[in-house]
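Worksheet: one structure, shown below.
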Amino acid sequence: MKTIKRSLLIINWKTLVITGLSVASTAFCLHFHIKADFPLTLIGTAIVFPIVFSIGGAYKRREVALDEYGSIKAHGRALYFAVSHWLENPPQELKTEVKLHLENLLSSCTLVFTNPVQDLEETEKGVYQNFNNLSVFIKSLRAHGLPSGEASRSNQFLSKMMISFERIKHIYQYRTPRTLRTYSDIFIVVLPIIYGPHFAENVTSYNYGLQFAVPVLFSVILVALDNIQSHLENPFDQQGEDDVQFNVEKFVRNLE
């Protein structure tokens, strides 16, 4: 089932439309004997190279987002340990309170990154409010006997969490070059149709029906690459297999 689900992510309605256009173009050229031997290097230059470049860029963005999200969780856990271990006999209420602050922070981060960019101005307010609450909480630890040096270190944990959030937010806001995406989208539609004479020229020795195997494979491969890039483009939308997963409940549950 997983294999089928993953296949449907890269083979969709766009694949069917472009494949249909490519087959129709090839059939038209075969019927009217329109043939030409176009250079295949044009495909690599016009489509494959830009898409592979975009896939590489999108993959690096996702890896950076994973690193920074891991940094938020790691420093949050360190802050919890500061409350649990740096205080003499810390009350259970403090542990519960810091867990609640961390849960609220990660939940608000999840809300930001899984909603459209247009909602960012509104959704990010919750994240900044939770950072503010954590800052006030760290200040209150002084009253429970936390040394000033350890309080300063706790503030450094908070500072690094804020830096990581801002880095993830910029990945969320800014995607790979939009003009390059538009360029690829245009040529993925146009080239399979234009190459109809080329397919008609090179499949004359094929049995009936197999004449259309080449344009079908040609279209499926190009659109599949484009779909892979599209899913990597936004690693937060929770639609692709390679998206960043937000497991807030698991994080809080494993704090003890």
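The values are calculated or read from the model by the stated rules, or taken from the named source; none is laboratory data. Here the structure is a predicted model, which is why all the values come from computation and not from measurement. Glycine also receives a Cβ, built like all others from the backbone with ideal geometry; neighbour counts cover every protein chain displayed. Just the protein is used for accessible areas: all its heavy atoms, side chains included, with ligands, DNA and RNA removed. Shrake-Rupley method; radii C 1.70, N 1.55, O 1.52, S 1.80 Å.
Calculated mean residue ellipticity at 222 nm for the chain: -24500 deg cm²/dmol, from DSSP H runs with n ≥ 4 weighted as -39500 (n - 2.57), summed, divided by the residue count and rounded to 500. In this structure Ser107 has an accessible area near 50 Å², from a 1.4 Å probe over the protein heavy atoms. Straight-line reach from Lys95: which lysines have Cα under 23 Å away, leaving out those fewer than 8 places along the same chain? Of all the lysines, those that pass the test against Lys95 - Cα under 23 Å, at least 8 places apart if same chain - are Lys73, Lys139, Lys160, Lys250.
For the chain, calculate the relative contact order in percent as a whole number, restricting contacts to Cα pairs under 8 Å that are 6 or more residues apart. Mind showing how you got there, number by number?
Details: 253 pairs, mean separation 109.8, N = 256.
In percent, rounded to a whole number, it is 43.
Over the chain, with a Gaussian network built from C-alpha contacts below 10 Å, which listed residue (Val112, Val223, Val190) shows the highest mean-square fluctuation? Result: Val190 has the largest fluctuation of those listed.
Taking Tyr59, Tyr128 and ordering them by how much accessible surface each has at a 1.4 Å probe, largest first, produces Tyr59, Tyr128. Listed by chain and number, the lysines whose C-alpha is less than 25 Å from the C-alpha of Lys14, apart from same-chain residues fewer than 8 away, are Lys2, Lys5. Looking at the chain from every direction and averaging, what is the projected area of its Cα convex hull in nm²? Computed as one quarter of the Cα hull surface, the answer is 17.1 nm².
Can you sort Tyr172, Tyr183 by 1.4 Å-probe accessible area, starting with the largest? Write down the numbers at each step before the final one.
Values: Tyr172 0, Tyr183 85 Å².
Greatest to least solvent exposure: Tyr183, Tyr172.
For the range 127-256, the relative contact order comes to 15 percent (Cα pairs under 8 Å, sequence separation of at least 6). When a/c reaches 1.5 or more, the comparison of a/b and b/c decides; with that in mind, is the range 50-126 rounded, prolate or oblate per its Cα gyration tensor? Since a/c reaches 1.5 but b/c is at least a/b, the shape of the range 50-126 is classed as oblate. Surface calculation, 1.4 Å probe, protein heavy atoms: Phe187 sits at approximately 70 Å² accessible. With the charge dipole of the range 136-256 set up from +1 on Lys and Arg Cβ and -1 on Asp and Glu Cβ about the Cα centre, the Cα lying farthest toward the positive end among the listed residues Pro197, Leu158, Gly145 is that of Gly145. Distances between placed amide hydrogens fall under 5 Å for Lys35 paired with no residue 5 or more residues away or on another chain. Computed from label points 7 Å out along Cα-Cβ, the spacing between Thr3 and Leu210 is 2.5 nm. Ranking Tyr208, Tyr195 from most to least accessible surface, computed with a 1.4 Å probe over the protein chains only, gives Tyr208, Tyr195.
Dipole size of the chain about its Cα centre, with +1 on Lys/Arg Cβ and -1 on Asp/Glu Cβ: approximately 240 debye, rounded to the nearest 20. Taking the centroid of alpha carbons for each part, the range 1-57 and the range 137-215 are 22 Å apart.
Placing +1 at every Lys and Arg Cβ and -1 at every Asp and Glu Cβ, with all other atoms neutral, what dipole size does the range 94-185 have around its Cα centre, in debye to the nearest 20? Please list the in-between numbers first.
Values: 12 positive and 9 negative charges, 66 e Å.
Taking the Cα centre of the range 94-185 as origin, the dipole is about 320 debye.
Can you give the net charge of the other residues whose Cβ lies under 10 Å from the Cβ of Arg167, counting K and R as +1 and D and E as -1? With Lys, Arg at +1 and Asp, Glu at -1, the neighbours total -2.
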